[in-house]
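These notes concern the structure reproduced below.
The values are calculated or read from the model by the stated rules, or taken from the named source; none is laboratory data. The structure presented is a predicted model; accordingly, all values stated were derived computationally and were not measured. Cβ atoms come from the backbone with ideal geometry, glycine included; neighbour counts cover every protein chain shown.
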Protein chains: 2
Amino acid sequence: MVPAPSAAPTRDRLASVASDDVAALAAGAAIFGTGGGGAVYTAQLATERALRETGPVPLVSVDELTAADAVIMMSGIGAPTVGIEMLSSANQVEVLLREAEATAGRPITTLMAAEIGGSNGVAPAGWAARLGLNLLDGDGMGRAFPEATMIAMNVAGVPCDFAVMSDVVGNVVVMKTVDLSWLERHARAITVASGGLCLGAHYLLTAETARGAVIEGTVSAAVRVGRALLASSEPVTAVAHELGASVLVTGKIVDVARRTEGGFVRGSVTIAGTGADRGRLQRIEVQNENLVVLEDGQVLASVPDLITIVDAETGHAISTEMLGFGQRVSVLAWASDPLWRTPRGLELAGPAAFGYDLPYAPFEGGRR
Amino acid sequence: MVPAPSAAPTRDRLASVASDDVAALAAGAAIFGTGGGGAVYTAQLATERALRETGPVPLVSVDELTAADAVIMMSGIGAPTVGIEMLSSANQVEVLLREAEATAGRPITTLMAAEIGGSNGVAPAGWAARLGLNLLDGDGMGRAFPEATMIAMNVAGVPCDFAVMSDVVGNVVVMKTVDLSWLERHARAITVASGGLCLGAHYLLTAETARGAVIEGTVSAAVRVGRALLASSEPVTAVAHELGASVLVTGKIVDVARRTEGGFVRGSVTIAGTGADRGRLQRIEVQNENLVVLEDGQVLASVPDLITIVDAETGHAISTEMLGFGQRVSVLAWASDPLWRTPRGLELAGPAAFGYDLPYAPFEGGRR
């Protein structure tokens, strides 16, 4: 099998996202979530409703940005489990935008998802629509990652000048931290103090600074993957084909060792092959996201490359907190964006960044 | 004995605070700390040095403020014990002022202490001097209190539009919270995330909004009390006279029940009278500050009136964390500013606000 292409292909860009696209966007975002990023269903409902009311949100590429454009990332911050119960208030994104514009000293024209993976890949379409902004066809990760430091702009060396958070009560906080580690630390403290969930806006980008510093085309890619999943009678194959992903194993979950530690889901899941894969055993190491696939003591794939466990029948992604004994699953793996494979990318989000004493070997596709 | 006068007399206002005044300011601020507000010694050294380098800082009264003036409160936030070890960085107050001015959209001319009691009553003199600002002869409490909500402007109904915090690392946070309870909650979260100590600026006031909403004359009062203490051969008597305070008992500490809970010192201290007070036993309830004095099951004095335990020989205040078995002490009590005795003042800082099921009886002086 040939090497997998970049996760951000430039082909087949959409011009807008409409209400009818949201189910596909959500299914695709869940696949790009690699087990994390939060359940997409609540965000899907809110986004469908927003786009039904406003009409489609224009999707613009980095190439289409002009000197008049200012892009800011918007995302939910907090435990995914809280996000299922605790909704945002109606004007929370307006408050966030107003404060971001005041701090930036210029109007914002375009929203970008911090991470295309999970709920944060879905919600920005609805937020942009309600705010009358464009949505950038791209994001800061090309997947989901657990920490603010693990962002493409940090790999590219673009600094984050400020961050704004708002909570459901109406509190607003503007943070100008010395780096993204401190931003992560302060944002978590505020989120916990606010009850577990906030919305945040950070990383003000321009046409110039966005180029080469974001993962491009990922909204279109998520919709494409979701459409393939929803349309096909063999969804796992269709999704793998669309992603250029390999199916590492198909089988049954025979063990889930999972604990919640410091706001993270940690543990491992073991899958015993069935059918053509009978006799094979794979273990996947998990920290919110699926990080490493091992078989017979060998690493098959690891971060920053993407590993997603999907339902073997429906093709829908199963997030790490929903994994359970007996589920019939397929494990997909595919290559990350080249940015994450640079020395700086691996320093921020390679196996060692998650505490694994493993050398990184780029995933080039194929089954063992 | 006649009722004690207000804690904010208008007589004998100072025109400035010089390096030579700082020892008296610190001794007086410790007395107004009613056991809390943080140890004054580190702030005294830093403030003496600042004023030696800059010359005296002008002290202005509320009456002297003009339409061109903008006043902001500046204070240390965090555990007093951390404040002894963790110093502020050289430019931390500059960062704070710059950000406060940017958020306010106008230049700040004058600093005010949040609380005259303890280290936060001393440090603003040095900060104002270094920043080239005036110091307001007044503060937000007329004493020390543990929470952001317990502030004179809150009693007077003046809202807090924003707060700025800076830490020793260089991180800056601007908070626009819906009320002071949320400010307290978020500020504490940030302080803990920043290692336990931050500097903060909040409550932007003008000549108009400051009138009737701050406790006036308290910097002058603290210096006067400190001078009386340092100059007299009978310091306890001299301090009591200067404050219009009563000596409730003089004796020996026979029990200290103290625990640290949720960032607060809580407990009680028992004092057995000696000399003329032999046979008397007083218990003082403590939550960071000295809150209630009981004798024979009766309340002699309680918050918001001021209760300070002083060394019976030197007259220096003993803070709640430094109380120990065997210390020879006198207990002083005097009337709070009338603002705290209003229904709103008592709602915010009366006995019930601290969880005591006691009716408030204004302290009118005298021994039992």
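Annotations for the structure displayed:
- Checked against the criterion of being more than 19 Å from the chain's Cα centre (by Cα) and either at pLDDT below 95 or more than 14 Å from chain A (Cβ to nearest Cβ) (or both), the candidates B:Gly117, B:Gly140, B:Gly126, B:Gly132 yield just one match: B:Gly132.
- Scope region A:165-190; condition of a type in the set (Val, Ile, Thr) and facing chain B (nearest Cβ under 9 Å); matching residues: A:Val169, A:Val172, A:Val173, A:Val174, A:Thr177, A:Val178, A:Ile190
- Among the residues listed as A:Val310, A:Val303, the single one being more than 21 Å from A:Thr260 (Cα to Cα) and either assigned by TED's automatic domain parsing to the domain that holds A:Ala26 or buried (at least 24 other Cβ atoms within 10 Å of the Cβ) (or both): A:Val310
- Within region A:191-237, the set of residues being more than 19 Å from the chain's Cα centre (by Cα) and within 14 Å of chain B (Cβ to nearest Cβ) comprises A:Thr191, A:Val192, A:Ala193, A:Ser194, A:Gly195, A:Gly196.
- Any hit, region B:155-163, residues being of a type in the set (A, V, I, L, M) and within 13 Å of chain A (Cβ to nearest Cβ): yes
- Hits in region B:198-213 - residues which are over 18 Å from B:Met141 (Cβ atoms) and surrounded by fewer than 22 Cβ atoms within 10 Å (Cβ to Cβ): B:Thr206, B:Ala207, B:Glu208
- The set of residues in region A:267-299 that are in contact (Cβ under 8 Å) with a residue 24 or more places away in the chain, of a type in the set (Val, Ile, Thr) and either part of a strand (DSSP E or B) or touching a His at 6+ places or on another chain (Cβ under 9 Å) (or both) comprises A:Val269, A:Ile271, A:Ile284, A:Val286, A:Val292, A:Val293, A:Val299.
- Residues within region B:259-274 that are within 18 Å of B:Asp311 (Cβ to Cβ) and of a type in the set (D, E, K, R), tallied: 0
- Options B:Ser233, B:Ser194; residue that is over 26 Å from B:Val293 (Cα atoms) and in contact with a strand residue (DSSP E or B) (Cβ under 9 Å, 6 or more places away or on another chain): B:Ser194
- When restricted to residues that are in a loop (DSSP other than H, G, I, E, B), touching a strand residue (DSSP E or B) at 6+ places or on another chain (Cβ under 9 Å) and of a type in the set (Val, Ile, Thr), region A:300-335 contains 2.
- In region B:3-109, counting only helices (runs of 4 or more DSSP H) that sit wholly within it, the ones holding 2 or more residues that are modelled with pLDDT of 90 or more and surrounded by fewer than 24 Cβ atoms within 10 Å (Cβ to Cβ) span B:22-32, B:41-54, B:92-104.
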